[in-house]
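To keep things clear, I will list the structure first and then write my remarks on it.
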Amino acid sequence: DSGRLNPEERVEMLQQAGQAEAVVLTMMFQDGATQLDHEQKLAPAVCGLLVLMKNDLCCATPCWSLGPNDSLVYLKLEHNPPWAQQQLQHTQQTFTRDMILCVLSRSKLVVCYKAKDFLRTVLLVYKQDLSWKRVAGCQIQDPQVSGWLLDPSDPSSCFKDLLNKHCKKPRATPSLSPDKVALLSAFVSNIISSLYWLFDLHLALCSKLQSHGLWELYSEIELRMITVLAVMESHCIYVDKGALKRTSDLLGTKMKQLEQEAHKAAGEIFLVTSSAQLRTVLFEKLRLQERCENKKLPKTVYRTSIHRIRAKKLLQLQDLHPLPKIILEYRQVHKIKSTFVDGILSCMKSKNYISSTWHQTSAVTGRISAKHPNFQALPRQPLQISQKQNIQGKEEEVVTIHPRDMFIPREGWSFLAADFCQVELRLLAHFSSDPELLRVFTDPQADVFIVLYSPRKVVDVDEVTPEDREHAKRIVYSVVYGAGRERLSGILGVNVEQASRFQDSFLQTYRGVQAFIQRTIQQSHKQGYVVSLMGRRRLLPNVSSPDWGLRMQAERQAVNFVVQDPGSAADLCKMAMITIFNLVSSSSSLSARLLAQLHDELLYEVEDSQVEKFAALVRSTMESLQHIHHLGVHLKVPLKVAVSVGKSWGSMSELHT
């Protein structure tokens with residue numbers, strides 16, 4: 001216990017922390033559990049750190065006691081303001097902080113399972129006197145991340161599962177005695193053993209990463225992302241709580257209005273959220289299935305009562321009766337209110353800000369994800385709803401609601417968003433090497449989708465309308481995303497034959513794209529996996545499945561992973577986050593903070609006086625990722641980045657620099 005150390009022993013311990021060959025640490029919670037135990041749904045508060053300083057890397061792992069040259073120290077993790085501290089307490093807290101900084105500044109090995117949680121906790125505990133820039137350069141090896149990278153389709157849920165999967169040594173648990181002293185001794189022995197096993201697990205995973213050709217991806221991207229995400233979680237985003245509550249009330253009123261309209265249209269009162277009751281009204285009372293042309297509606301839609309009627313089917317029915325359209329609008333309003341507006345309010349509680357939890361190891365594709373709240377799911381486009389007026393005869397008022405409007409920067413700061421433009425299409429041009437598609441990107445000022453549209457209709461670029469451009473965009477991405485012709489016909493509002501001709505026309509013009517798709521599918525069948533731009537692997541166990549549906553899905557996933565956000569595009573975005581993070585952390589003047597990552601877009605909070613300078617830095621840095629020399633990445637097309645600025649997340653305007 002560091003609280004029992006005298007001043008000389010503390011100086012010696014700090015020296016050991018800096019000089020030890022390896023440091024292995026874990027956080028301890030108030031109930032006695034550590035990060036190495038099974039994760040709890042409601043984790044108790046952190047109370048301290050256990051730090052093992054290992055000096056002999058060649059020594060065999062001890063079973064239950066410390067090695068002859070090793071040390072273990074417990075650091076109590078709390079931070080009270082100076083006026084609330086007694087001298088002894090102040091001295092201990094200062095020592096804990098100094099020990100942590102010593103560990104984080106080490107050039108030698110540091111290992112921690114769930115290192116991001118440890119870093120975030122340190123930043124939050126010492127937020128008054130520890131800048132995030134002081135920990136920005138640390139590199140803590142995390143077996144959770146390396147284990148996930150080796151097998152992202154089957155990540156182990158806890159440390160013990162990961163250990164059993166990668167370390168085949170037998171692990172016994174010391175028998176527990178009813179005697180309190182013996183019980184404490186067994187508890188300490190178990191923690192010591194777990195820390196040594198964590199070190200061995202790290203070595204085993206490093207060896208496997210190297211043998212699988214994944215070490216560079218881990219060390220250059222995933223390892224560095226740990227600190228980036230920890231700092232992101234330590235920042236907060238302010239929310240206009242009053243506006244959010246007013247929006248919630250407005251949406252609640254609109255839902256009641258839509259319920260009344262639904263009851264009137266149906267001719268009876270029913271529970272709008274009940275699929276069974278809705279099915280009864282639509283298909284037993286109104287019998288809308290009998291009015292569907294060409295038998296478009298499958299019988300299972302109106303005969304099976306356990307499944308929710310999907311939006312696609314309601315869209316097919318909306319021209320036959322007013323009720324389906326009312327239900328669609330009700331569902332849209334309900335989702336905005338429950339998921340985004342009320343969901344954000346529940347995350348805030350008594351605060352006027354929120355901070356998401358960012359997960360690095362939750363997706364098989366390498367994408368990071370957010371929870372509490374999920375920023376990545378917030379709609380880009382605003383919702384327009386009609387609001388009835390109390391004055392008789394007055395027309396309904398149209399109100400625009402945008403959940404992103406509720407997020408606001410601090411006083412004197414602005415939001416700055418940087419977005420890779422058409423990154424999937426540029427990656428498609430790179431991987432396919434199609435000469436016509438490569439030529440599209442030769443003019444950096446040209447609108448890609450207008451250029452793609454004009455030769456198909458043999459019209460001049462200046463004659464392409466916004467509707468034409470959107471049409472071309474949907475056709476192109478239907479090919480990139482592997483959308484079927486039926487789906488494209490629904491998107492464009494044309495028949496399947498026309499949709500088929502559109503896709504065929506694109507593939508005929510850009511023949512290299514079709515060759516790339518076929519080549520990627522063949523490789524996935526041969527290898528059982530595909531590889532992203534920076535070497536990330538996506539295992540595809542169903543690519544040889546006898547089930548046609550599963551096999552087709554795996555083939556789509558293969559192509560998607562190589563060019564889309566789940567794979568190569570995600571790697572580019574991570575490199576942008578890391579590179580900009582390093583530039584800001586090493587600058588004495590820049591203070592920009594990364595708040596969120598939304599697929600191809602990065603959201604920053606920037607001081608007003610630094611907006612133009614930072615915008616230029618972000619744009620040049622992201623566009624320079626066309627060539628990442630140390631990773632051997634050299635794209636055949638330039639990258640283009642759009643930068644926008646605003647005083648709320650929902651009202652951003654493009655900044656031209």
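Is it true that some residue in the stretch 524-536 is in a helix (DSSP H, G or I), surrounded by fewer than 22 Cβ atoms within 10 Å (Cβ to Cβ) and in contact with a helix residue (DSSP H, G or I) (Cβ under 9 Å, 6 or more places away or on another chain)? Yes. Screening the stretch 468-518 for residues that are β-branched (Val, Ile, Thr) and within 28 Å of the chain's Cα centre (by Cα) and picking the one that is farthest from Gln316 (Cα to Cα) gives Ile517.
What residue, among those in the stretch 509-535 that are touching a residue at least 40 places away in the same chain (Cβ under 8 Å) and of a type in the set (S, T, N, Q), is nearest to Ser432 (Cα to Cα)?
Among those that are touching a residue at least 40 places away in the same chain (Cβ under 8 Å) and of a type in the set (S, T, N, Q), it is Thr520.
Among residues belonging to the stretch 347-379 that are charged (D, E, K, R) and part of a loop (DSSP other than H, G, I, E, B), point out the one that is surrounded by the most Cβ atoms within 10 Å (Cβ to Cβ). The extreme case among them is Arg367. Among what's in the stretch 68-82 and is modelled with pLDDT of 80 or more and not hydrophobic (A, V, I, L, M, F, W, C), pick the residue that is surrounded by the most Cβ atoms within 10 Å (Cβ to Cβ). Residue satisfying both the conditions and the ranking: Asp70.
Per-residue answers, yes or no, for (1) of a type in the set (A, V, I, L, M, F, W, C); (2) at pLDDT 90 or above; (3) in a helix (DSSP H, G or I):
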site: Val543; (1), (2), (3): yes, yes, no
site: Pro546; (1), (2), (3): no, yes, no
site: Arg551; (1), (2), (3): no, yes, yes
site: Glu555; (1), (2), (3): no, yes, yes
site: Ala558; (1), (2), (3): yes, yes, yes
site: Phe561; (1), (2), (3): yes, no, yes
site: Pro566; (1), (2), (3): no, no, no
site: Ala569; (1), (2), (3): yes, no, yes
site: Leu572; (1), (2), (3): yes, yes, yes
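On inspection, Ala483 passes the criterion of being out of contact with any helix residue (DSSP H, G or I) (no Cβ under 6 Å at 6 or more places or on another chain) and assigned to a loop (DSSP other than H, G, I, E, B).
How many residues does the stretch 86-138 contain that are over 15 Å from Val51 (Cβ atoms) and either in a loop (DSSP other than H, G, I, E, B) or not aliphatic (A, V, I, L, M) (or both)?
Going through the stretch 86-138, the residues over 15 Å from Val51 (Cβ atoms) turn out to be 86-91, 93-94, 107, 114, 116-117, 120, 123-137.
With either in a loop (DSSP other than H, G, I, E, B) or not aliphatic (A, V, I, L, M) (or both) added as a condition, the list becomes 86-87, 89-91, 93-94, 107, 114, 116-117, 120, 126-137.
So the count comes out to 24.
Residues that are among the acidic types (Asp, Glu) number at least 2 in the following helices (runs of 4 or more DSSP H) confined to the stretch 182-287: 241-266.
Residues being at pLDDT below 80, in contact with a Ser or Thr (Cβ under 7 Å, 6 or more places away or on another chain) and of a type in the set (A, V, I, L, M, F, W, C) are entirely absent from the stretch 84-105.
Checking each residue in the stretch 579-609 for being assigned to a helix (DSSP H, G or I) and surrounded by fewer than 18 Cβ atoms within 10 Å (Cβ to Cβ) picks out Thr579, Asn582, Leu583, Asp608, Ser609.
In the stretch 233-245, the residues that are under 16 Å from Arg404 (Cβ atoms) form Cβ pairs under 6 Å with partners that are part of a loop (DSSP other than H, G, I, E, B), at six or more places apart or across chains, as follows: Lys241/Asn352.
Quick grid of which residues meet (1) in contact with a Pro (Cβ under 7 Å, 6 or more places away or on another chain); (2) surrounded by fewer than 17 Cβ atoms within 10 Å (Cβ to Cβ); (3) of a type in the set (D, E, K, R); (4) within 30 Å of Lys574 (Cβ to Cβ):
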| site | (1), (2), (3), (4) |
| --- | --- |
| His202 | yes, no, no, yes |
| Gly213 | no, yes, no, yes |
| Glu233 | no, no, yes, yes |
| Ile237 | no, no, no, yes |
| Leu244 | no, no, no, no |
| Gly252 | no, yes, no, no |
| Lys285 | no, yes, yes, no |
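Considering the conditions (1) within 28 Å of the chain's Cα centre (by Cα); (2) modelled with pLDDT under 80, Asp462 is excluded by exactly one of them, (1).
The values are calculated or read from the model by the stated rules, or taken from the named source; none is laboratory data. Just so you know, these numbers come straight off a predicted model, no measurement behind them. Neighbour counts run over all protein chains shown; Cβ positions are idealised from the backbone, glycine included.
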